[in-house]
1. For residue 172, which of the numbered conditions (1) polar (S, T, N, Q); (2) out of contact with any Lys or Arg (no Cβ under 9 Å at 6 or more places or on another chain); (3) buried (at least 16 other Cβ atoms within 10 Å of the Cβ); (4) over 23 Å from residue 101 (Cα atoms) fails to hold?
2. So in the stretch 60-92, with the set limited to residues that are part of a loop (DSSP other than H, G, I, E, B) and at pLDDT below 70, which one is farthest from residue 140 (Cα to Cα)?
3. Is it the case that the stretch 15-27 has a residue that's in contact with a Gly (Cβ under 8 Å, 6 or more places away or on another chain), at pLDDT below 75, among the small types (Gly, Ala, Ser) and open to solvent by less than 60 Å² (accessible area, probe 1.4 Å)?
4. Out of the residues in the stretch 248-271 that are touching a Gly at 6+ places or on another chain (Cβ under 9 Å) and open to solvent by less than 30 Å² (accessible area, probe 1.4 Å), state the one that is nearest to residue 170 (Cα to Cα).
5. Examine the stretch 109-121 for a residue that is among the acidic types (Asp, Glu), crowded, with 18+ Cβ neighbours inside 10 Å, in a loop (DSSP other than H, G, I, E, B) and at pLDDT 95 or above, and state whether such a residue exists.
6. Residues of the stretch 171-194 being of a type in the set (A, V, I, L, M) and farther than 15 Å from residue 113 by Cβ, which ones?
7. Got at least one residue in the stretch 132-142 being in contact with a helix residue (DSSP H, G or I) (Cβ under 8 Å, 6 or more places away or on another chain) and open to solvent by less than 30 Å² (accessible area, probe 1.4 Å)?
Amino acid sequence: MKYFFLYVAMWTSMTGFAQYNQHIELLNGSVVTHGVNDIDSISFTNEGTPLYHLRLNDGSTLEYALEDIEEVGFSGEALHPYPSETVHCIPVGTKVVEVLNPQTGRIWMDRNLGASQVATSPDDELAYGDLYQWGRFSDGHQCRSSGTSSEQSATVLPGDDLFIVGNSNWLSQNNTDLWQGAGAVNNPCPLGYRLPTELEWLEEFSSWTEGLDANGAYLSPLKLTLTGYRRMLDGEIIDEGIEGRYWSSTVAGVNGAMRLVLSENSVNALSVSRGNGSAVRCIKDE
């Protein structure tokens with residue numbers, strides 16, 4: 001389930017990293033208010049009718065079901081300056097928290113796009129995040145529960161939230177510029193962030209001190225997880241908790257791109273078709 005309808009008011013002003021408050025008026029007349037800066041983690045029960053729990057940094061918990069919501073409002077400026085048409089797969093979007101790798105000097109987001117929290121283990125499902133087709137915007141296709149379509153898109157913005165299957169590239173044309181830099185037309189990262197290059201991924205895992213494998217990836221500053229991936233053949237999600245696959249911005253061949261691949265015993269940068277779905281970890285553009 002996607003929660004874009006909760007964000008229409010919020011994404012109209014994206015001028016910085018100021019605090020905003022979300023006010024949820026429930027059908028019973030009560031109002032739940034919180035600031036996104038205050039959220040520690042989010043969890044869900046009942047997939048059919050999500051009941052979600054916001055654990056705040058002060059130890060308290062807010063809980064409500066989406067079917068009980070009458071109205072959502074916001075005050076203050078947006079904390080997370082994502083592009084205005086962004087579709088989020090978790091209720092409050094991905095929190096933007098910086099993490100520095102002191103070995104490379106590079107600053108990253110501390111979690112994957114679509115992750116509810118920083119990883120607590122290599123197989124922490126709440127830290128897996130979304131699975132993007134290479135070069136696609138956050139239009140909803142990246143949500144793990146999104147539907148599929150077998151029709152390639154003729155435009156860089158398909159106009160729906162379907163994961164395109166059956167082709168090595170979701171796009172009928174070979175456009176290599178979609179994720180090149182912070183100003184790229186389909187950059188899904190927040191303001192000031194972008195996709196890392198293949199070289200930046202190579203520098204990242206070369207700095208790990210606890211091993212070039214999934215355990216070393218989790219124990220690194222980025223706390224990477226075994227996200228699994230979404231297969232271009234049929235849209236099935238496989239290898240969750242077994243492999244982690246992370247896109248770079250670097251293209252390879254006509255319909256390929258480079259991605260970081262983590263497993264129990266190895267880490268590599270490998271080429272794969274752009275129609276596959278992989279995780280995204282954003283790096284700060286400096």
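The values are calculated or read from the model by the stated rules, or taken from the named source; none is laboratory data. Please read all numbers here as calculations on a predicted model, not as lab measurements. When we count neighbours, we look across all protein chains shown, and the Cβ atoms used for this are built from the backbone with ideal geometry, even at glycine. Heads up: the accessible areas ignore ligands, DNA and RNA and are worked out on the full protein's heavy atoms, side chains in. Shrake-Rupley method; radii C 1.70, N 1.55, O 1.52, S 1.80 Å.
1. Result: residue 172 passes all but (3).
2. The selected residue is 77.
3. yes
4. Among those that are touching a Gly at 6+ places or on another chain (Cβ under 9 Å) and open to solvent by less than 30 Å² (accessible area, probe 1.4 Å), it is 257.
5. Yes: one or more hits.
6. Selection gives 171, 178, 185.
7. There is at least one residue in the stretch 132-142 that is in contact with a helix residue (DSSP H, G or I) (Cβ under 8 Å, 6 or more places away or on another chain) and open to solvent by less than 30 Å² (accessible area, probe 1.4 Å).
Listed here are the residues, each with its yes/no results for (1) touching an Asp or Glu at 6+ places or on another chain (Cβ under 9 Å); (2) part of a strand (DSSP E or B); (3) among the acidic types (Asp, Glu); (4) modelled with pLDDT of 95 or more.
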position: 176; (1), (2), (3), (4): no, no, no, yes
position: 190; (1), (2), (3), (4): no, no, no, no
position: 215; (1), (2), (3), (4): yes, no, no, yes
position: 233; (1), (2), (3), (4): no, no, no, yes
position: 245; (1), (2), (3), (4): yes, yes, no, yes
